[in-house]
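The values are calculated or read from the model by the stated rules, or taken from the named source; none is laboratory data. Since this is a predicted model, take the numbers as computed values, not measurements. Here the Cβ is made from the backbone with ideal geometry for all residues, glycine too, and neighbour counts use every protein chain on show. Just so you know, the surface numbers come from the protein's heavy atoms only, side chains and all, with ligands and any DNA or RNA stripped out. Shrake-Rupley method; radii C 1.70, N 1.55, O 1.52, S 1.80 Å.
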Amino acid sequence: RRVPVTVLERAVPGAEASSAAAGILAPLVEAHGHEEQRALGIRGLAGWEPWARGLGADVGFSRCGVLVATPDCPDPDARWVEGAEAARLAPGLAVPGGWWIADEGCVDTRLLVPAVHQAAEAEGATFCLGLTVTAVDPGGVIAGGQRFAGRPVVCAGAWTAAVPGLATVPVAPVRGQLVALGITGAARCVVFGPGGYVVPRRDETVLGATMCDPHSFRISA
């Protein structure tokens, strides 16, 4: 806040993983037993709604809830649902039952990334596009043959270890797949299965998996 910000981007904002993400906001499900990650995720989720509203654009934020269709309970407060209730939450999916977490949800990354870009520019952030970072040290960054002095903030995500000067950071990409179907109504909430997930959007349904079995769900016609 009140600090000049310059964003060095090797392509254009959102060209990498950010805009390709499914947009699931499910800290209780995705903490996988790590208490510190769970606490951080819950705190982050609590701030999402006012933050999204402050962007001044519709980013598809929804607390639609999450249905985890696996035997393992993701959280002690999750409630088991089955039969008609499971069918109501996921009418187009073959889900006999699952653990229901009402407060989690999703955001549409196709809308989110450009909204964040525009909001940042409106607040005075400078975006330098087409610049690849070639060196990082505590006092600044070198990109495109010029030095940008200041306090570096690393935002390279899964490619952090490829940034010169940060090679010791143990971060690597994980293979994932998404397919967007031009249908709606298959699910009214985010659905996790044993090998993937389904995310409802206003104009489509997204199916995804990260290093998982792509044949986990059947969608009725």
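A few remarks follow.
- Hits in region 153-169 (condition: of a type outside the set (Val, Ile, Thr), open to solvent by 40 Å² or more (accessible area, probe 1.4 Å) and in a loop (DSSP other than H, G, I, E, B)): CYS155, PRO164, GLY165, ALA167
- Residue tally, condition in a strand (DSSP E or B) and β-branched (Val, Ile, Thr), over region 73-96: 1
- Of residues in region 198-221 being closer than 25 Å to PRO173 by Cβ, of a type outside the set (A, V, I, L, M) and modelled with pLDDT under 60, the one surrounded by the most Cβ atoms within 10 Å (Cβ to Cβ): PHE217
- So GLU49, is it open to solvent by 100 Å² or more (accessible area, probe 1.4 Å), part of a helix (DSSP H, G or I) and either closer than 23 Å to GLY196 by Cβ or without any contact (Cβ under 8 Å) to a residue 60 or more places away in the chain (or both): no
- Hits in region 84-134 (condition: in contact (Cβ under 8 Å) with a residue 60 or more places away in the chain, open to solvent by 50 Å² or more (accessible area, probe 1.4 Å) and touching a strand residue (DSSP E or B) at 6+ places or on another chain (Cβ under 7 Å)): THR126, LEU129, THR132
- Among the residues listed as ALA17, ALA57, ALA22, the single one being open to solvent by 40 Å² or more (accessible area, probe 1.4 Å), within 12 Å of the chain's Cα centre (by Cα), in contact (Cβ under 8 Å) with a residue 40 or more places away in the chain and within 30 Å of GLY130 (Cα to Cα): ALA17
- Set side by side, the residues ALA156, ALA180, ALA143 differ, and just one is modelled with pLDDT under 90 and of a type outside the set (Ser, Thr, Tyr), which is ALA156.
Conditions tested, residue by residue: (1) under 19 Å from the mean Cα position of the chain (by Cα); (2) part of a loop (DSSP other than H, G, I, E, B).
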{"residue": "GLY98", "(1), (2)": "no, no"}
{"residue": "VAL113", "(1), (2)": "yes, no"}
{"residue": "CYS128", "(1), (2)": "no, no"}
{"residue": "VAL136", "(1), (2)": "no, no"}
{"residue": "ARG151", "(1), (2)": "no, yes"}
